[in-house]
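Take a look at the structure set out below.
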Amino acid sequence: MSKTITITNEDILQQVKLSCQLPEMIDQIVKRQIVEDAVTEAGIKVEDEELQQAADQFRLMNKLDTAKDTHLWLEKHQLSVSDFEKILEFGGMSGKLMRHLFTDKVEPYFYANQLNYASAVIYEIVLDDPDLAMELFYSIQEKEVTFYEVARQYITDVELGRKGGYLGKVTRQDLRPEVSAAVFAAKPPQLLKPVMTAKGVHVIFVEEIIKPELEGMLRLKIMSNFLDEWFVLQQGRLEVITK
């Protein structure tokens, strides 16, 4: 005989607490109220056509190909159609508010900080011995051996060695300050003199420096960062009371 388990709202709240998720939930509630207040003050509205587009995009991203798939997804998350519309409406309001507040600030910020958005395509070998690093540097420079051959021999990570030390596209933030300064001062293609850091001695080949462009994704990233900072500022002005 099967046993029935009844889960109440109190049980759910208790589990949220025991899972240590309550601070995150409270933060989300506060952010929602901040957005709703700011949207009302700015007179921002999400039109029916925009909601439909958001719904189509949501179903596409979540692979809800049929009405049945969508119904099952709502059932799984215990959401009504009205709840689903509120999710879409809030997403639309947040996006519109972000553009309303920060669109004019993105371009000036980007041009003032564009060096931080540059990226480089590099290959790297990290050694423990400075003398060995210099010896290998000169050997590669004199074409006695290739960077790839050195990487295969001296990189302990097998997969990275197979790729010849290829790290792909990296930004300044991805690199240690000493390495970043050398990489972004390079004139590719260029083999850099070994760079010493706390991690070891870096022998680096800079294949390409990629200048940043203010395209869609980067523009969105900058506005999202602005929005996060704005939330922190707004939350600092609030007293949150939980009952």
(message) Nearest 500 deg cm²/dmol is fine: what mean residue ellipticity at 222 nm does the chain get from its DSSP H runs of n ≥ 4 alone, each adding -39,500 (n - 2.57), divided by its residue count?
(response) -18500 deg cm²/dmol
(request) With a cut-off of 11 Å, note down the residues of segment 210-243 whose backbone N falls inside the zone around a label point 7 Å from the Cα of Tyr109 toward its beta carbon. (result) 219-231
(message) Suppose the Debye formula is applied to equal point scatterers at every Cα of segment 66-154; what is log10 I(q)/I(0) at q = 0.12, 0.13, 0.26 Å⁻¹?
(response) -0.70, -0.71, -1.20
(request) Quick one: plug the Kirkwood hydrodynamic radius of segment 174-227 (C-alpha pairs) into Stokes-Einstein at 37 °C, 0.692 mPa s, and report D in µm²/s. (result) 250
(message) For a quick check: sort Leu72, Leu160 by the number of other beta carbons within 10 angstrom, fewest at the front.
(response) Leu72, Leu160
(request) Hey, could you get me the Stokes-Einstein D for segment 119-210, Kirkwood radius over alpha-carbon pairs, 10 °C and 1.306 mPa s, rounded to whole µm² s⁻¹? (result) 123
(request) Please count, across segment 136-243, the pairs of lysine residues with Cα atoms under 26 Å apart that sit 8 or more places apart or on different chains. (result) 17
(message) Based only on Cα atoms, what mean projected area does the convex hull of segment 13-80 have, in nm²?
(response) 6.4
(message) Taking the Cα centroid of segment 197-225 and of segment 119-158, what is the distance between the two, rounded to the nearest whole Å?
(response) 22
(message) Run the numbers for Lys193 and Asp129: contour at 0.36 nm per residue of separation, minus the present Cα-Cα distance, in nm.
(response) 21.6 nm
(request) Could you tell me how many degrees, from 0 to 90 and to the nearest 10, lie between the Cα long axis of helix 9-18 and the main elongation axis, the longest principal axis, of the Cα atoms of the chain? (result) 20
(request) Once you have a ≥ b ≥ c as the square roots of the Cα gyration tensor eigenvalues for the chain, tell me rounded if a/c is under 1.5, and otherwise prolate or oblate according to whether a/b is larger than b/c. (result) prolate
(message) Going 7 Å from the Cα of Asp27 along its beta-carbon direction, which residues of segment 84-111 have the amide nitrogen within less than 17 Å of the resulting point?
(response) none
(request) Could you work out how far helix 22-42 tilts from the main Cα principal axis of the chain, as a 0 to 90 degree angle to the nearest 10? (result) 80
(message) If neighbour count is taken as other Cβ atoms inside 10 Å, put Ile222, Ile5, Ile125 in order from fewest to most.
(response) Ile5, Ile222, Ile125
(message) Please report, in whole Å³, the volume per residue of the convex hull around the C-alpha atoms of segment 64-105.
(response) 79
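Coordinate-derived values only; no laboratory data. It should be emphasised that the depicted structure is a prediction, and the values quoted were computed from it without experimental measurement. Quick reminder, even Gly has a Cβ in these numbers, built from the backbone with ideal geometry, and neighbours come from all protein chains shown.
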